[in-house]
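What follows is one structure encoded as structure tokens, with my remarks underneath.
Each reported figure results from applying straightforward, stated rules to the coordinates on display, with no laboratory input. Values in this document were obtained by computation on a predicted structure and should not be read as measured data. Positions of Cβ are backbone-derived with ideal geometry, glycine not excepted, and every protein chain shown enters the neighbour counts.
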Amino acid sequence: MRLGGVVIAVWAALSGAAFAEENATAIGDPERGAKMFKRCQSCHQVGQGGKHKVGPHLNGIFFRPAAAFDDYKYSNGMYAAREAGLVWDVDGLSNFLEAPKATVPGTKMSFRGMKKEQDRNDLLAYLRTFSDNPQDIPEAAPTARKVEVELAPEILAIVGDPDYGEYLSTECTTCHQTDGAYDGIPSIVQWPTEDFVIAMHAYKIKQREHPVMQMMAGRLSDEEIAALAAYFGNLE
């Protein structure tokens, strides 16, 4: 956690200048940023009716303290960042998007990073349109979010058995870490149940491209997918 403290201290030194500059200068191209957001929308929602999914919703992100939502469970690293006074200003958001794991050690955000500064600037310009602080910008129209698989209501209604899910999870945990850590393979801990189920069915019908995941999901019944979703969704 010492590294996290050093990084956050640097952010604190930059935040005042970023606040003033952001008010006076356009960040980037929001229309192009909407395209950049496609990299984020499997985990985050933004716009009217946006809610927490794998990650928290991003409405009003600008100048919001880190780990601000009481109804979302963040990583210990993000809670530590909040305690250290991290606020999502322009520089802080850009640094985090560039290298999430290096910027907030312990974050569960399984994103390798957006290396091009212009891409980050345009994405932030897009997200800025959904934030009314400090400027008086109204909330933008809803953001369309493609549903990967249209599942029958009875499939989504299956209540999985987490104990059975734990039994089934051994093949998953040969690659995915149960502590939510990211080591080149995305975390699947604390995914919302519906998102997990939809993702697995997308692999099952080969709509998501990953040969190993397609093979694994293809072996599972609807009840087994629900059980895995229940187990990983509640895993601390």
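For this structure, a couple of remarks:
- For the range 167-236, trypsin sites (Lys or Arg not before Pro) meeting the loop criterion (DSSP other than H, G, I, E, B) and having at most 14 other Cβ atoms within 10 Å: Lys206, Arg219.
- Partner lysines for Lys101 [C-alpha distance under 16 Å; skip if fewer than 8 residues away on the same chain]: Lys115
- Lysines whose Cα lies under 16 Å from that of Lys73, excluding same-chain neighbours fewer than 8 positions away: Lys51, Lys53, Lys108
- Inter-label distance for Asp161 and Met215, nm, one decimal - labels placed 7 Å from Cα along Cα-to-Cβ: 2.8 nm
- From most to least packed by mean Cβ count within 10 Å, the peptides 187-195, 222-230 give 222-230, 187-195.
- Within the range 184-236: Cβ-based charge dipole about Cα centre, in debye rounded to nearest 20 (Lys, Arg +1; Asp, Glu -1): 260 debye
- Which of Ala81, Asn59, Gln45, positive extreme of dipole for the range 28-81 (C-beta unit charges): Gln45
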